[in-house]
Structure formats: structure tokens, C-alpha cells
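To start, the structure under review is shown below, and the notes come after it.
The values are calculated or read from the model by the stated rules, or taken from the named source; none is laboratory data. Given the structure is predicted, the values throughout are model-derived calculations rather than measurements. The accessibility values were calculated without ligands, DNA or RNA, using every heavy atom of the protein model including side chains. Shrake-Rupley method; radii C 1.70, N 1.55, O 1.52, S 1.80 Å.
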Amino acid sequence: MSEFRERVARARRAGRRRSYAMILALFVALLIGFFIVMQLPSMQRAWVYPYPHRELVETYARAYQVDSSLAAAVIKTESKFQSEVHSHRGAVGLMQLMPDTAKWIAQQIDDASYSIDALHDPEHNIRYGIWYLHSLQQEFHGNDCLALAAYNAGRGNVREWMKEYHWDYDFADISAIPYVETRKYVKRVLESKKQYEVLYP
């Protein structure tokens, strides 16, 4: 009798192992299928690299001579295209502009309609942010690495790094950026820029 019960127990254990193996195989197959589907351009555009406000971005990118894919990548990295976002540091909106910086930008472009509330408006925020990118690109002679580092860490910090580490305007070594946050930021934006170039030609 005990031998019979042992055979039954072994059969049950084997059955459970087969069930677990089938569930695991199904899970792996679903996971592989999900990753394959997510590589489709349509899924990438819908879920990974969306492009709300594309017309506004392209309009102001043309106006201020900024690569629209770069501008889109900055917005994705800064806010994931959420216009109501506030950072813990006080940055506001799609392009995460600091109110003092936005006020200065408004003065530079003669926009008397500036207000902190207006920074939640996509058109104001995108216009200011792209103009600011343009300003930084001019200051750093068209170098995207330096301009993006300045966008994240401040132009003063980037100027200090250039002086301290003897960088010139050909700087391209992202790994040399001393702030970890800024290093990751620049890398993430430039990677996203490549995706926007491919997905939204």
C-alpha cells in the first residue's frame, strides 16, 4: 500500500513539474512575443517614443533652427510629454523650465505674456524651451553634448568643466561629464534623438 501511495505521489510531483514547465514556456513565449511586437515602428511610436505636439515642436524648431528630433527627445526625457509636470526643483511643464529661466527667455524674445501658469501651456513651454536650446547651441558652437549638459546642469557648470578639464567645442566624450545625472541625461537624450529621427522622418 505504501508503495502504491509513493507511486501516486511521484506521479503527482511529475505532473506538477510538467505544469510548471508548460506555464514557464508559455510565459517565455509571451515575453518574446511582446518584445518582438514592441519593436514594430507603430508600437514604438505609440508606446515608447510618442510625439504629442509634433506640429508645435517642428514649427518652433524651424523658427529657431533646432533639430526637431533633438527637441522631441528633450521633451520625452524631461517630462514624457506631460505638460502639468513639476520637478522637485521647481521646473515646470513639457521642457521642464525653471521659472527664472523662462522669465529671462520671455524677455529675450519680447514675450509680454509670460507667467508661471503659462508654462503649462504647450505652445509657451515648447517655444521657450526650443529657443533656449537654440541659445545653448549657439553658445557652445553647435555641440549637442555641451548644449544638453548645459540644459540639464546649467551653462555655468559646463563652462567650468570646459576650463577645468580642457574641453574644446569638439567635446564628445559623454562619459567624461562629472555629474552622473547629467551624464545619463545627455546619453538618454541623444539615444532618443536617434529613435525620433528613424520613427518620424
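Relative to its Kirkwood radius, the Cα radius of gyration of the range 138-197 gives an Rg/Rh of 0.94.
For the chain, the per residue solvent-accessible surface stands at 60 Å², with DNA, RNA and ligands left out and a 1.4 Å probe. Using just the C-alpha positions of the chain as equal point scatterers, what log10 of I(q)/I(0) does the Debye formula give at each q in 0.09, 0.10 1/Å? Log10 I(q)/I(0), no solvent term: -0.45, -0.52. Surface composition of the chain: carbon and sulfur atoms hold 56% of the protein heavy-atom accessible area at a 1.4 Å probe.
Pairs of Cα atoms in the range 34-153 fall into 5 Å distance bins, from 0 up to the last occupied one, in shares of 2, 12, 21, 22, 20, 11, 6, 3, 1, 0 percent.
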